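Below you'll find the structure, written out as C-alpha cells, and then a few comments.
The values are calculated or read from the model by the stated rules, or taken from the named source; none is laboratory data. Worth saying up front: this structure is predicted, and the values here are computed from it rather than measured. No Cβ is skipped: glycine too gets one built from the backbone with ideal geometry, and neighbour counts run over all protein chains shown. Remember, those area values only see protein heavy atoms, side chains included, never the ligands or the DNA or RNA. Shrake-Rupley method; radii C 1.70, N 1.55, O 1.52, S 1.80 Å.
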Amino acid sequence: MFERYTEPARRAIFFARYEASQHGAAAIGPIHLLLGLLRESGTTFTLAGNEVSVDTIIEDCRKALPSLGEKTSTSVDMPLTEECKRALAEAAVQAELQGSRNVTPQHLTLGLLEASQDVAAILHKHGLTAKNLGAVPHPLPQTRPTPRPRTLLEFVCQGERIASTSINFFNPLPGAGDEVVFTREAKAETYKIVSVRHYFEGPPLSQPLAQCWLVKVVFETEHIASQP
C-alpha cells in the first residue's frame, strides 16, 4: 500500500501511529495523521499560512481528540479508520493530478482536507486551504539540516536478530501475518511476521516540535520453512 510513499510520508504515518497510541485510540484517524504531518513536514504549513504557528495547530488538534484513557501498546496492530483510508486514497489522486509517481506529505495533507471535515475545520481556522497548501513548492527550500536518529527495521526470531536494514531501503513495510524470505548461510529461509513493535525517542532541544522520533521498527517472526 505504501510502496509509492516517500520516506517523509512514511515517517508521517509512523508518527500518526504514535499519536493514536498515545491517545488510547483503537485506530489511526485523520487528526492523528494531521499531527504526524505537522511533526514531519511543519515547514509546509508555515509557508502556506504566512508564518502560521505549527504549535498552535497542534494544540487545536489535541483539543479535538477525545481523552480515551490508557495508552495503546505499540505492539498492537492499529488499522486506519475509514475516513483516514479515504484520505490516503485522495492523496494518491492528488499525486496523479500533479504528475508525481510518489505520494508526499503534501499529497497526504491535501487528501486529508478532501476526506475529513474535522481536519478541514482545524486548518481553515488558521487560513490553510487546499489552494495555498498545494502551492507550496516541493522540494522545500533548503534549510540547515537537523540531525535525525538512524531509523532501522529489525527482524528477530525467538530473540535472535535475523536481518536489519535502514527504513528507506525496505519497501513496502510488512505487517503481522505477512511472510518474508531471507537468505541465511546460502539458504532461503521463510518467516512469518507475528507482531510489530515501534520504538520512539525524544528529539534534541533544536527541534522542540517533534516530541518523538521513530528510531526502530522490530518485526517479531516465527520460522516457517527452509529451501534447499
Within segment 86-108, is even one residue outside any helix (DSSP H, G or I), within 16 Å of Asn132 (Cβ to Cβ) and not aromatic (Phe, Trp, Tyr)?
-> yes
Please go through segment 36-58 and pick out each residue that is free of Cβ contacts under 8 Å to residues at least 40 places away in the same chain and closer than 18 Å to Val103 by Cβ.
-> Gly36
Expected output for segment 1-25 (first residue farther than 15 Å from Ala87 by Cα and open to solvent by less than 30 Å² (accessible area, probe 1.4 Å), partner of a type in the set (Asp, Glu) and at pLDDT below 90, Cβ below 7 Å, 6+ apart or cross-chain) is Phe15/Glu40; Gly24/Glu70
Give segment 39-64 a look and list any residue that's part of a loop (DSSP other than H, G, I, E, B), open to solvent by 30 Å² or more (accessible area, probe 1.4 Å) and not polar (S, T, N, Q), or say none.
-> Glu51
Of (1) part of a strand (DSSP E or B); (2) open to solvent by less than 60 Å² (accessible area, probe 1.4 Å); (3) at pLDDT below 90; (4) over 25 Å from Thr72 (Cβ atoms), Tyr191 satisfies every one except (3)
